[in-house]
C-alpha cells in the first residue's frame, strides 16, 4: 500500500493527447507511487500547476505555442526547484544543451518500445527523491542573458523604447546588417509594413506585461530581402517590477514555413487516399451511405465492394455479428455528421470468425465554405498491439517483483521466470558478467534450457555469439545458429537464438530447436524485459553501495562525535551547550573546565538556566540587550560576561557564542565558549592603580622637591653652613627615590617592540655609563638577542652598578650589603677597564671588582668576583624597597626583575665563578645567526 507521503504527483505535458494518456498509463504501471495527470500544452500545464500540487513535470519539447524549453522557463518562474524532465522525440545536442542551460532536471529522448517508460519512471523517482531530500532550496536565478553570445539563434537586446542596444553574431548574419548599423535603430527597421501592426501589438504587450511572447512574422534583411522568422521575446524585471532587460531570440524559418504549407496541401490531397494497406479507410455520406471502401477493409469480410457501396455502413457485413455494434456505428456517424470528431476502439469478427481489434476515427470532411460534405472513417488493426499491451502489463507487474529482489541471483531467477511465463521463451537463461573469471557466468536457467543444452557454459571473450552480442550491446536474433561462425558449440541442438544484452551486467539468452523462431515482437518485448532486469540489477548494486556507504558514514559519524567530545572536554576554555526554552538558554551540556572554574558539580548545572550563573549586569546583557537573540541568529558574538562561582567569587570571562543546530539544521540553542580573563582584569585594575600612584609621585612629590631645591639655592646665597650640604644630599636622595619609583612603575609593561641587540656592545656601552672606579669588565659573548634596547640598557646598568658598589675590594662591604643604592647615572670614568679577553686577562686589573658578561643556553649572565649574596637573601633582594644600605633606595634590582618579566624571561642568583654573585637571565629569544646553542 502506497502512503500519501510516498505518492509522486506527476504532470505530463504533451500536445499529443493519445501519447500523453498512454505514457501516463505505463508510468503508473512502472511505479505504483506515480499518479500522472496530463495536459496538452504549456498553457494548460501552467494553469494546472497554479491550482495543484505537483512533484514533477514531464514535458515534450516540440509543442505549439510554447515549446518545452519555454514551458520550463515559465515553470521556473513560479517553481524554481520543481523537478522538470524534458521528454522529447525531437532530441538533439542543441536541444539537450539548451535544456541543461535552462535548468532542466533531466533530459530523456523518446524511444521505441515501452522500456522507455520504466527508465522515465526511474528518472522521475530519482528526481523527486532528490528534490524531497533537500531542506534548503537555493534561490532561483535568472538565465535570460547567459545564452546571448553562445546562442545558435539570433539574439537582440532592446531598451524600453524598443531600440536595438545589442545583437549577437547570428543576428547580424540573419539580418545582413552589422551591429553598428543596427545599434540605436527601432524595431521598425527590420519589420515590413505588412507586419508592423502585429509586431507593434507584441511590443505593447511586452512593455506592459512581465513575461515572454512568441510570434512568427516577416522581417526585412539588408537590401530589402524578406524572410520569415520565429521570435521568442522576453522582458526581465526586478523585484519591484521595473524592467531590467528586454531580449528577443529568433531564427529564420522561411524554409520551414514553406515545408509546412506544402505538408498542409499534401494532407488535404491524402485525405482521399484509400489504398494504404495498413489502414482500413472508407468514405461515407453524411446519412451513413458507403461511398467507397479500400481493399484493406474489404479483406476482413467475404463481401465484395459492390455489396457494400450504396449501403448504410452499419448494415454492412462487418457488423452482422452484433446488434450492439450496429447501434454504436450509427451513433458515431450521427455525431460526425454534426461536426464531431469521433474516436473509437472496438472488437470485431473477421470472415474466419477470429476476433480482431480496431482503433479508428470518424471525422467530417469540410469543403471551402465550411460545409460538411462527407465523412471519413479510418481504422488500424491493433490486435497485435493489444496483445503486446497485455504482455507489457504482465511485464510491468513482473517489474515490481524484479525490483523487490534483494540479490543479483534473485533478480536473475525472476527474470528467467518472466521470460518463460510472459514472453513464452521457454528455454532461456541469464548470464551475468563475472569480473574474476572475465566471463558471462550462468546465474539462472529454466528447466527447458537444461533439457535442450544441459548446464549452460560460461562464455568468455571471442568464444561465442553471446559474447559478441554482449560486447555490441544490441539485441540479436539469429535465425540459423549453425550458419553463424561464432556459435559456441558446433553440435548444439539449438536452431535459433535470441540474445538480449542486460546493459553491462550480462545477457539474457533464449533458444529454440526451430529455425527463425523469434520475430520483431519477441525482440521488442525481450528488450523491455532486459531493460527491467538491468534496472533491477542496478538497484541491487546501488542498494549494496548505499549500505556500504551508510555503514562508512555511520562509522565516520561515530568517530567525529568522539573527536568532538574529546575536544569539548579537553578544551582549555569553558564550553557550554544550551537549548532555547521559551527564549531562555537552558544548559544541556558543559565541559570539565566550566565545572572546575566555577566549582560546581554536574547535577547542579545541567538543566538549569545559564542566566542563573551570570552576574546581574551580564544577565541584563543576555536578555534586555539582546545578547542571546544575537547568538541564536548567528551574529558574531564576542562580549564580556561575568560568571558567579559556587563560592560567590566573580569570574570575568570573554564570551564567544554561535548557534547550535539539531540534525535537521534547525537552530535549537547555542554553543557558548568562555575564556577566563579574571587575572587579566586584575592586572588591568592594578595597572590603573599604578598609573594613579605614579601620577601622585610625579606631581605631589616632585613639585615640592623642586621648591625645596630652589629654597636651598637661595639659602646658600645668604649663608654658609655644613647643614646645607646635608640638606642637598637629602634632596638628591629624594630625587633618586622618585626616579626609581617612576621607573619601577613602568617597567612592568609587556615588551611589544623587541629588536636585535648586540650583547657585547650593550655591555660595553653600559659599563661606560656607570661609575666603575677601578673595576674591570670582561665580555665573553658575541651573541645577539631580541629585546627592548632601552629596557635592556637599564637592566645592564643596574646590575653593573650593583656589582661595582658591592663587590669592590677597595671598600668592600659585608656579604649582606649586596643591595641597591639607586639607579645608575651617566658618570663614565676615563680609566675604566674593558677587557674582551679570557679569564687570564684579569691579572693586573687592580684591586677593583671584575664584572663578566657571558652566554647561557637561551640566555646570558652577569657576574662579579665580590663577596656574593647569601642564598637566604637571594629572593629578598628583588623586592621593591629592600636595602641594608643607609643611602640605598631598594629599587635597583626590583627594576631588573620587572624588566625581565616584561620580556617574559626568568632571572635567578647563583654563586659566581670566583665566589661573587652571578645573575642568570634565561628564556631569551636568540636572534637568527648569532650563534645560538
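Odds and ends about this structure:
- With a requirement of 3 or more residues that are under 30 Å from residue 30 (Cβ atoms) and assigned by TED's automatic domain parsing to the domain that holds residue 439, the strands (runs of 3 or more DSSP E) lying completely within region 484-603 that satisfy it span 496-502, 506-512.
- Candidate set from region 345-368 (those that are surrounded by 15 or more Cβ atoms within 10 Å (Cβ to Cβ) and closer than 12 Å to residue 321 by Cα); member that is nearest to the chain's Cα centre (by Cα): 348
- Boolean, residue 913 is modelled with pLDDT of 80 or more and surrounded by fewer than 21 Cβ atoms within 10 Å (Cβ to Cβ): yes
- Condition check for residue 549: under 30 Å from residue 678 (Cα atoms) and within 45 Å of the chain's Cα centre (by Cα): no
- Summed over region 584-600, residues that are loosely packed, with under 14 Cβ neighbours inside 10 Å and touching a residue at least 40 places away in the same chain (Cβ under 8 Å) total 1.
- Boolean, residue 475 is within 30 Å of residue 401 (Cα to Cα), modelled with pLDDT of 90 or more and within 39 Å of the chain's Cα centre (by Cα): no
- Test for residue 175: is it modelled with pLDDT of 90 or more and in contact with a helix residue (DSSP H, G or I) (Cβ under 7 Å, 6 or more places away or on another chain): yes
- Residue within region 8-25 that is under 27 Å from the mean Cα position of the chain (by Cα) and either under 27 Å from residue 400 (Cα atoms) or part of a loop (DSSP other than H, G, I, E, B) (or both) present: yes
- Test: residue 29 is touching a residue at least 60 places away in the same chain (Cβ under 8 Å) and surrounded by 21 or more Cβ atoms within 10 Å (Cβ to Cβ): no
- In the set (1) in contact with a helix residue (DSSP H, G or I) (Cβ under 9 Å, 6 or more places away or on another chain); (2) surrounded by 15 or more Cβ atoms within 10 Å (Cβ to Cβ), residue 96 fails one condition alone, (1).
- Candidates 223, 211 - the one that is at pLDDT below 90 and in the same structural domain as residue 178 (by TED's automatic domain parsing): 211
- Residue count for region 767-791, restricted to those that are surrounded by fewer than 24 Cβ atoms within 10 Å (Cβ to Cβ) and either within 15 Å of residue 900 (Cα to Cα) or free of Cβ contacts under 8 Å to residues at least 60 places away in the same chain (or both): 7
- Entry remark, region 442-467: residues being touching a residue at least 60 places away in the same chain (Cβ under 8 Å) and closer than 20 Å to residue 538 by Cβ number 1 in total.
- Those helices (runs of 4 or more DSSP H) of region 285-396 that lie entirely within it include none in which at least 1 residues are touching a residue at least 60 places away in the same chain (Cβ under 8 Å) and assigned by TED's automatic domain parsing to the domain that holds residue 31.
Residue-by-condition table, conditions (1) within 21 Å of residue 755 (Cβ to Cβ); (2) in the same structural domain as residue 784 (by TED's automatic domain parsing); (3) in contact with a strand residue (DSSP E or B) (Cβ under 9 Å, 6 or more places away or on another chain); (4) at pLDDT below 90:
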{"residue": "860", "(1), (2), (3), (4)": "yes, yes, yes, no"}
{"residue": "865", "(1), (2), (3), (4)": "no, yes, yes, no"}
{"residue": "878", "(1), (2), (3), (4)": "no, yes, yes, yes"}
{"residue": "930", "(1), (2), (3), (4)": "yes, no, yes, yes"}
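- Residue 424 meets each of the listed conditions (1) surrounded by 14 or more Cβ atoms within 10 Å (Cβ to Cβ); (2) at positive phi apart from (1).
- Summed over region 318-333, the residues that are touching a helix residue (DSSP H, G or I) at 6+ places or on another chain (Cβ under 7 Å) and surrounded by fewer than 19 Cβ atoms within 10 Å (Cβ to Cβ) give a count of 3.
- In this entry, residue 852 is excluded by the filter for residues that are within 60 Å of the chain's Cα centre (by Cα) and either over 16 Å from residue 800 (Cα atoms) or at pLDDT 95 or above (or both).
- Residue within region 9-28 that is at pLDDT below 90 and closer than 18 Å to residue 129 by Cα present: no
The values are calculated or read from the model by the stated rules, or taken from the named source; none is laboratory data. Only a predicted model underlies this, so the values are computations on that prediction, with no experimental measurement involved. Because the Cβ atoms are built from the backbone with ideal geometry, glycine has one as well, and the counts that use them run over all protein chains shown.
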